[in-house]
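**Q** Okay, handing you the structure first.
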Amino acid sequence: MTSIGLAVAVGAAAALVRRWLRMPRVAAFGLAGKAGLGVFCGCAAVVALPFSEHAAVGTLAWTGYVLAADAAVFAARGRSLLRSRPDAFLWLAVLSVFLWLPFEWYNERLAGWYRSGLPPDLSRYVLLGWSFACVWPALFETADLLLALCGNRRRDDIATRRPGLSLSCSVAAAGAILLVAPLAVPRLDLGEHLLPLASAGFLLLLEPWNAAGGRASLWIDARSREYSRLLALAGAGVLCGFWLDALNHFSHAKWHSLWGVTSAGGLFELPWLAYAVLPLLGWQSFAMYEFAVRLLRLPRCELGAHDDNAIQGQIAERQRHL
């Protein structure tokens, strides 16, 4: 199954690269993008070699991936999360550390995974913090890349359909129940299977607040039949989760799944069932970020915020110069 997983991972990456190469671009890939791509490919090669690599290689690979994905979006759209709003992107990385900590706490309670190969000294926490800081940037950059490759068809003139108060309260209450439910279960063999409830709980709890507070909301997107951001975030969750699973499988410093259903098989570390909940990773990350950034009044990264008319003009101008 590992060889099949590798073929799928390489195939997914190749499909994205092929799509990017075939679409018109308004800017060059840039030195930062080439450096990021080189770092990612170099780290992947090191992981594939049969010797023990440093614990930072996996996290360094994701740092390179973020830079490469951002450069690809900038080349396709003339703007990107990092280059257009570096202040907002810095806060995205900082928030990523704190937004991931609740899941570490849930894992401590439910024992869904454990890590090996990390150094025993204080550098262990530096590496963990660095890896946590890559989670939200990687998800957002992947979603932004998918929006750029597949076309961001969001319309500004569509009527916003906000949910009613009673429905919002019911959904938020369901989210709160899902967040509390895993903590009420004894730490037995069943505990680790309840970890996805935390993602669903944060999504259901925070989306009504985002919709009512005028924040960007996936719930409002769905009610208004604007599905591009929903699909892009779902795709980002699946792709990032899949590539993380592949990279982790060959790494020396890695996490190990404790899901009992691993006996049913899987491509790498994650069982088949885990892939079904990966879209939740993208949706929950967006809901948590929108709530936190508005609550703290921080500069905000906006997915898919591209002026298509300006892009077409830049493409035409670039083609005239060529």
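The values are calculated or read from the model by the stated rules, or taken from the named source; none is laboratory data. Every value quoted in this text rests on a predicted model; they were computed, and no experiment measured them. Positions of Cβ are generated from backbone atoms using ideal geometry, with glycine treated the same way; all protein chains shown enter the neighbour counts.
**Q** On the given criteria, is Ala75 in a helix (DSSP H, G or I), surrounded by fewer than 17 Cβ atoms within 10 Å (Cβ to Cβ), out of contact with any helix residue (DSSP H, G or I) (no Cβ under 6 Å at 6 or more places or on another chain) and of a type in the set (Gly, Ala, Ser)? Even if it seems obvious, please write down each step before you answer.
**A** Numbers: in a helix (DSSP H, G or I): yes; surrounded by fewer than 17 Cβ atoms within 10 Å (Cβ to Cβ): no; out of contact with any helix residue (DSSP H, G or I) (no Cβ under 6 Å at 6 or more places or on another chain): yes; of a type in the set (Gly, Ala, Ser): yes.
So Ala75 does not fit the description; no.
**Q** Based on what the data block shows, is Phe89 touching a Pro at 6+ places or on another chain (Cβ under 9 Å), modelled with pLDDT of 95 or more and either farther than 26 Å from Arg300 by Cα or not small (Gly, Ala, Ser) (or both)?
**A** Details: touching a Pro at 6+ places or on another chain (Cβ under 9 Å): yes; modelled with pLDDT of 95 or more: yes; either farther than 26 Å from Arg300 by Cα or not small (Gly, Ala, Ser) (or both): yes.
Here the answer is yes, as Phe89 does meet what is asked.
**Q** Go through the stretch 192-219 residue by residue and tally those that are in contact with a Pro (Cβ under 8 Å, 6 or more places away or on another chain) and not small (Gly, Ala, Ser).
**A** Residues meeting the conditions: 6.
**Q** What tally of residues in the stretch 79-97 results from selecting those that are over 18 Å from Gly304 (Cβ atoms), in contact (Cβ under 8 Å) with a residue 40 or more places away in the chain and surrounded by 17 or more Cβ atoms within 10 Å (Cβ to Cβ)? Please lay out each step first, then the result.
**A** Taking the stretch 79-97 and keeping what is over 18 Å from Gly304 (Cβ atoms), we get 86-87, 90-91, 93-97.
Remaining after also requiring in contact (Cβ under 8 Å) with a residue 40 or more places away in the chain: 87, 91, 93, 95-96.
Checking which are surrounded by 17 or more Cβ atoms within 10 Å (Cβ to Cβ) leaves us with 91, 93, 95-96.
Looking only at that region, the number is 4.
Every residue, every condition in (1) within 16 Å of Val238 (Cβ to Cβ); (2) hydrophobic (A, V, I, L, M, F, W, C); (3) in contact with an Asp or Glu (Cβ under 9 Å, 6 or more places away or on another chain), yes or no:
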residue	(1), (2), (3)
Ala7	no, yes, no
Gly11	yes, no, no
Val17	no, yes, no
Trp20	no, yes, no
Met23	no, yes, no
Val26	no, yes, yes
Ala35	no, yes, no
Phe40	no, yes, no
Ala44	no, yes, no
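**Q** Just give me the residues in the stretch 196-239 being of a type in the set (Lys, Arg) and closer than 16 Å to Met288 by Cβ, in sequence order.
**A** First, the residues of the stretch 196-239 that are of a type in the set (Lys, Arg): 215, 223, 225, 229.
Across the stretch 196-239, the qualifying residues are Arg215, Arg229.
**Q** For the stretch 111-213, give me every one of the helices (runs of 4 or more DSSP H) that falls completely inside it and has 1 or more residues that are under 23 Å from the mean Cα position of the chain (by Cα), at pLDDT 85 or above and under 29 Å from Thr63 (Cα atoms). Write out each step before concluding.
**A** On the way: elements: 123-150, 165-184, 195-212.
By residue number, 123-150, 195-212.
**Q** At pLDDT below 95, in contact with a Pro (Cβ under 9 Å, 6 or more places away or on another chain), of a type in the set (A, V, I, L, M, F, W, C) and under 15 Å from Ala143 (Cβ atoms): does that describe Ala55? So that I can check it myself, show each step before the final result.
**A** Details: at pLDDT below 95: yes; in contact with a Pro (Cβ under 9 Å, 6 or more places away or on another chain): yes; of a type in the set (A, V, I, L, M, F, W, C): yes; under 15 Å from Ala143 (Cβ atoms): no.
No, not satisfied.
**Q** Continuing with this model, one more query. Can you pull out the residues in the stretch 57-72 that are hydroxyl-bearing (Ser, Thr, Tyr) and surrounded by fewer than 24 Cβ atoms within 10 Å (Cβ to Cβ)?
**A** If we filter the stretch 57-72 for residues that are hydroxyl-bearing (Ser, Thr, Tyr), which is where we start, we get 59, 63, 65.
Correct list: Thr59, Thr63.
**Q** Output the residues belonging to the stretch 14-36 that are touching a residue at least 40 places away in the same chain (Cβ under 8 Å), not basic (Lys, Arg) and not in a loop (DSSP other than H, G, I, E, B).
**A** Step one: list which residues in the stretch 14-36 are touching a residue at least 40 places away in the same chain (Cβ under 8 Å), which gives 16, 19-20, 23-30, 33.
Subset that is not basic (Lys, Arg): 16, 20, 23-24, 26-30, 33.
Correct list: Leu16, Trp20, Gly30, Gly33.
**Q** Residue under question is Gly36, and the condition is that it be modelled with pLDDT of 90 or more and surrounded by 19 or more Cβ atoms within 10 Å (Cβ to Cβ); does it hold? First the steps, then the outcome.
**A** Details: modelled with pLDDT of 90 or more: yes; surrounded by 19 or more Cβ atoms within 10 Å (Cβ to Cβ): yes.
Against the criterion (modelled with pLDDT of 90 or more and surrounded by 19 or more Cβ atoms within 10 Å (Cβ to Cβ)), Gly36 qualifies.
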